[in-house]
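Single-structure report; data block below.
The values are calculated or read from the model by the stated rules, or taken from the named source; none is laboratory data. Nothing here was measured: the structure is a model prediction, and the numbers come from that model. Don't worry about glycine lacking a Cβ; one is built from the backbone with ideal geometry, like all the others, and counts go over all protein chains shown.
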Amino acid sequence: MSDIIYLFGPNLDRLGTRDPAVYGSATLADLGVGCIDAARGHGLSAEVLQSNREADLVEAVHAAVKRNRAIVINPGALTHYSYSLADALAIFSGPKIEVHLSNVFAREPWRHVSVVAPVVDGTIVGLGALGLTLATEAVAALLEGN
């Protein structure tokens, strides 16, 4: 069990080599270490999970209901069409923050729609790894009731 679970969706395992001009040069492993360190900085424990499979992420959210106090999620392309992931997130009662490394609103029009945005507490876009740090700060504040 941990306080925060950081979930990363399809193709995010390719960070560091996938279009660094858009996603930056940090790898998923780099981001994971940053997430865990950011959580520790707030006295919180954390775990990181990435999957290219929608069902794995839905199951992780289901498990989080009993295992975690908060979710930070970058659903990748699932952001735009995964109603099953949105439904799973809606069940989770703790703080939930959606994060995207790139500014999805400055990209292709199909990326402008998030089906998970209505069921999370906030969305952070376009700030790269800093967005994950800011999401951790938001989660810490929400967990404290601020």
Any pair with Cβ under 7 angstrom, 6 or more apart, that starts in region 122-143 at a residue that is at positive phi and ends at one that is at pLDDT below 95 and surrounded by fewer than 16 Cβ atoms within 10 Å (Cβ to Cβ): Gly126/Asn103
Can you tell me which residue within region 30-51, out of those that are in a loop (DSSP other than H, G, I, E, B) and touching an Asp or Glu at 6+ places or on another chain (Cβ under 7 Å), is farthest from Leu15 (Cα to Cα)? Leu44
Taking region 9-22 as the region of interest, how many residues are closer than 16 Å to Leu127 by Cβ and touching a strand residue (DSSP E or B) at 6+ places or on another chain (Cβ under 8 Å)? 1
Name every residue in region 44-75 that is hydrophobic (A, V, I, L, M, F, W, C) and surrounded by fewer than 22 Cβ atoms within 10 Å (Cβ to Cβ), in order of residue number. Leu44, Val48, Leu49, Ala55, Val58, Ala60, Ala63, Val65
Can you tell me which of Val104, Val116 is touching a strand residue (DSSP E or B) at 6+ places or on another chain (Cβ under 7 Å), under 19 Å from His62 (Cα atoms) and buried (at least 17 other Cβ atoms within 10 Å of the Cβ)? Val116
Quick one: in region 16-37, of everything that is of a type in the set (A, V, I, L, M) and without any contact (Cβ under 8 Å) to a residue 24 or more places away in the chain, which residue is nearest to Glu108 (Cα to Cα)? Ala21
Can you name the residue in region 52-74 that is among the small types (Gly, Ala, Ser) and touching a Leu at 6+ places or on another chain (Cβ under 8 Å) and, of all such residues, is nearest to Asp13 (Cα to Cα)? Ala60
